[in-house]
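One structure is given here, and the rest of the page talks about it.
The values are calculated or read from the model by the stated rules, or taken from the named source; none is laboratory data. Bear in mind that the values here come from a model prediction, so they are computed numbers and not experimental data. Note: ideal-geometry Cβ built from the backbone for every residue, glycine included; neighbour counts use all protein chains shown.
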Amino acid sequence: MRTIQALFFFCAVTAMHGCAPKISGTPAAGNPTTTIRVMSYNLHHCNPPSKPGFIDVDAIAEAIRRQSPDIVAIQEVDVNVARSGKIDQAGLLAQKLNMQVFFAKAIDHDGGDYGVAILSKYPLSNGKVHPLPTVAETKGEPRVLATALVTLPGGIKFQFGSTHLDALRTDTNRIIQAEAINRIARSFQHPFIIAGDFNAVPGSKPVAILDEQFTRTCSPCDFTIPVINPDKTIDFIMYQKSNRLSVVSHQVIPERYASDHLPVVAVMELKQ
């Protein structure tokens, strides 16, 4: 069935050892923390750049599986699109990885839906698709922010978002999209982590705007594109400024086959 706006696909969460996030400390200690492994990945609609027209969902699934993330922001996702064989890439990845998924459509494309999604080992609720603004005269492609509430073992909750900002040469749309994301972030009551392809580099106006509300998990940040001889950083994981969230580590993964972007992984701690 064609996805009209958003799609929830729920898979059973396995009870395998190591699936649960690490919880350290005790309530008596006053500040127990939960460790969350976060990933961001622009999938290039599961088309390896070395194989034009070829769709390899398994390669993307394996690239994600190797990192064992708790939560993943994915971009450039096809659902029932002709170019990728009319398959539901979001649902297939969730099935292969035994994760839950929330898909957020940005545009109609080639007979199907194209957008961003969230994959999670843990329950997702309150999934929302937030349309991001564009200036009509730029003829920029519509963009969205997908958000969902993640519930970890023990009932710990945090808000998570996946997005893909405008790709035009000028910053016009990215600036107003970054401002919109900041406004949306202020409406959340739980700690908020956002990840995605921002099509903007550190030091640019859009990233500077986001820096007002968020802290990036990297500084300086390793390059994320292209996969061969990368020379630009446009994929980020960020968290809304909060004394409940902190960064343990950040890494750009040298996976050079599955997509035209390198995946990004950050380990974060969330105070309960």
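Figures for the structure shown
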read-out: Residue in the range 80-98 that is assigned to a loop (DSSP other than H, G, I, E, B), surrounded by fewer than 17 Cβ atoms within 10 Å (Cβ to Cβ) and touching a Lys or Arg at 6+ places or on another chain (Cβ under 7 Å) present; value: no
read-out: Residue that is surrounded by the fewest Cβ atoms within 10 Å (Cβ to Cβ), among those in the range 161-173 that are more than 17 Å from Asn126 (Cα to Cα) and under 14 Å from the mean Cα position of the chain (by Cα); value: Leu165
read-out: Residues that are touching a helix residue (DSSP H, G or I) at 6+ places or on another chain (Cβ under 6 Å) and over 13 Å from Thr172 (Cβ atoms), drawn from the range 124-144; value: His130
read-out: Qualifying residue in the range 251-266 (condition: among the acidic types (Asp, Glu), closer than 17 Å to Val72 by Cβ, touching a Gly at 6+ places or on another chain (Cβ under 9 Å) and surrounded by 16 or more Cβ atoms within 10 Å (Cβ to Cβ)); value: no
read-out: Residue ID - nearest to the chain's Cα centre (by Cα), chosen from residues in the range 119-134 that are closer than 17 Å to Val150 by Cα and hydroxyl-bearing (Ser, Thr, Tyr); value: Ser120
read-out: Meets criteria (buried (at least 23 other Cβ atoms within 10 Å of the Cβ) and more than 24 Å from Cys46 (Cβ to Cβ)) for Phe158; value: yes
read-out: Within the range 28-55, tally of residues that are crowded, with 17+ Cβ neighbours inside 10 Å and either among the hydroxyl-bearing types (Ser, Thr, Tyr) or more than 21 Å from Ile194 (Cβ to Cβ) (or both); value: 9
read-out: Qualifying positions in the range 66-79 - among the small types (Gly, Ala, Ser) and surrounded by fewer than 24 Cβ atoms within 10 Å (Cβ to Cβ); value: Ser68
read-out: Tally of residues being among the β-branched types (Val, Ile, Thr) and either free of Cβ contacts under 8 Å to residues at least 24 places away in the same chain or surrounded by fewer than 20 Cβ atoms within 10 Å (Cβ to Cβ) (or both) across the range 146-155; value: 1
read-out: Which listed residue, of Ile74, Ile55, is among the β-branched types (Val, Ile, Thr), over 26 Å from Ile36 (Cβ atoms) and either over 15 Å from the mean Cα position of the chain (by Cα) or assigned to a strand (DSSP E or B) (or both); value: Ile55
read-out: Those residues of the range 81-115 which are acidic (Asp, Glu) and either under 18 Å from the mean Cα position of the chain (by Cα) or under 19 Å from Ala59 (Cβ atoms) (or both), in sequence order; value: Asp88, Asp113
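For every residue, the table says whether it meets (1) closer than 23 Å to Ile225 by Cα; (2) of a type in the set (Gly, Ala, Ser); (3) in a strand (DSSP E or B).
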{"residue": "Gly140", "(1), (2), (3)": "yes, yes, no"}
{"residue": "Thr147", "(1), (2), (3)": "no, no, yes"}
{"residue": "Val150", "(1), (2), (3)": "no, no, yes"}
{"residue": "Leu168", "(1), (2), (3)": "yes, no, no"}
{"residue": "Asn182", "(1), (2), (3)": "no, no, no"}
{"residue": "Ser187", "(1), (2), (3)": "no, yes, no"}
{"residue": "Val201", "(1), (2), (3)": "yes, no, no"}
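Results for (1) within 23 Å of Leu245 (Cα to Cα); (2) among the hydroxyl-bearing types (Ser, Thr, Tyr); (3) at pLDDT 95 or above, shown as yes or no for each residue.
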{"site": "Ala82", "(1), (2), (3)": "no, no, yes"}
{"site": "Lys86", "(1), (2), (3)": "no, no, yes"}
{"site": "Leu93", "(1), (2), (3)": "no, no, yes"}
{"site": "Ile107", "(1), (2), (3)": "no, no, no"}
{"site": "Tyr114", "(1), (2), (3)": "no, yes, yes"}
{"site": "Pro133", "(1), (2), (3)": "no, no, yes"}
{"site": "Leu145", "(1), (2), (3)": "yes, no, yes"}
{"site": "Val150", "(1), (2), (3)": "yes, no, yes"}
